[in-house]
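For reference, the structure discussed in these notes is given below.
No value in this document is a laboratory result; all are computed from the given coordinates. Bear in mind that the values here come from a model prediction, so they are computed numbers and not experimental data. Glycine also receives a Cβ, built like all others from the backbone with ideal geometry; neighbour counts cover every protein chain displayed.
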Amino acid sequence: MKKFSFTDPLYMAFYAREIYRDVALYWRGAGLLYLLSLVALCTIPGMVKLHSQINAFVVDEAPAYVKQLPTLTITQGILSAPENRPYVIQDPVTSERVLIVDTSGQFQTLEQAKTKVLITKSQIIVQTGADPVAVQLSQFDDITLDNRRMFEMLEFAGEWFGFIFYPAALAMDYTFRIAQVLIYAFVAMAYGRMLKIALGFGAAMRLTAVALTPMIIAHTLLTFFDHQMPFSWAITFGLSVGYIFFGVRALAEAPPQTSTRQE
């Protein structure tokens, strides 16, 4: 019979063998609803921080950039500006290039423009990670953006960014965590065989979802406080596998008449 509630693994997964036995033996399903709740909870701090940062940028820094921009018009996916030349938007403090708007065709790549954001007649190119990402302007409706309207859009983004982006951030992180659970569930089953424990795939997924709880919470806190750890991938892997082994070993103490193949 199930002994613990849905929220108990949020803290008991750090130390309690009994929560792993309860989840593997008496819970039902694959643990994906619990995983969703965990990820949804752990996505909030990052969104709150990002929302605060964007709001601060809009209030304190964005006006200096917006004032440098010309009036921009998108018509049937083509951008136009008052003058057919590159507009170089600079950091007001360091004078570093942060954005170039070029409808003349002089710049076609970020390497040529020596900036991280380039807006051409037909696309927006942004440096994200190792490879640049291009967004076609044909995806946007016809619009004219002057400085006043740009300020209004930025103010709206500053107020609502966290609420709007939260579902997308949750979906991306949840998809990633599901993939982790699927992979680590095979690790749990393999270790269970070594200990002569008949661990079904559903039970292995539930146990794995709980075993990943300490790692996910720790990662959330470290990210929120901007704490960078060397070899973080190795530490993350070790923490995850360590708790999976901890949970599987806990099943060795389960009553012998109870099967972990219950689903």
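Taking a cut-off of 30 Å between Cα atoms, list the lysines near Lys116, but don't count ones fewer than 8 places away on the same chain.
Correct list for Lys116: Lys49, Lys67.
For the chain, set up a GNM with springs between Cα atoms under 10 Å and report which of Ser95, Ser80, Ser37 has the largest fluctuation.
Ser95
Restricting to DSSP H runs of at least four residues, report the calculated mean residue ellipticity at 222 nm for the chain, -39500 (n - 2.57) per run over all residues, nearest 500 deg cm²/dmol.
Rounded to the nearest 500, it is -18000 deg cm²/dmol.
Rank the residues Thr43, Thr175, Thr208 as a footprinting-exposure proxy: fewest other Cβ atoms within 10 Å of their Cβ go first.
Taking fewest neighbouring Cβ atoms as first place, the list is Thr175, Thr43, Thr208.
Over segment 163-248, consider all pairs of different Cα atoms and compute the Kirkwood hydrodynamic radius from their mean reciprocal separation; express it in Å, one decimal.
One over the average 1/r among Cα pairs gives 13.9 Å for segment 163-248.
What number, in percent, do you get for the relative contact order of segment 72-145 if the mean sequence gap of Cα pairs under 8 Å and at least 6 apart is divided by its residue count?
The normalised contact order for segment 72-145 reaches 33 percent.
Using the alpha-carbon centroid of each, what span in Å lies between segment 17-35 and segment 157-235?
After rounding, the separation between the Cα centres reads 15 Å.
If you average the sequence gap of Cα pairs under 8 Å that are 6 or more apart and divide by the length of segment 123-246, what percent do you get for the contact order?
17 percent
Please say if segment 72-145 is rounded, prolate or oblate, where rounded means a/c under 1.5 for a ≥ b ≥ c the square roots of the C-alpha gyration tensor eigenvalues, and otherwise the choice is prolate for a/b larger than b/c and oblate otherwise?
oblate
Kindly identify segment 1-147 as rounded, prolate or oblate by the Cα gyration tensor criterion: order the square roots of the eigenvalues as a ≥ b ≥ c, call it rounded if a/c is under 1.5, otherwise compare a/b with b/c, prolate if a/b is larger, else oblate.
Because a/c hits 1.5 or more and a/b exceeds b/c, segment 1-147 counts as prolate.
Give me the lysines in straight-line cross-link reach of Lys2: C-alpha distance below 16 Å, same-chain residues under 8 apart excluded.
Partners within reach: none.
Taking only C-alpha pairs under 8 Å that are 6+ residues apart, what is the relative contact order of the chain in percent?
Reported as a whole number, the value is 28 percent.
Compute the Rg/Rh shape ratio of the chain: radius of gyration over Kirkwood radius, all on alpha-carbon atoms.
Result for the chain is an Rg/Rh of 1.15.
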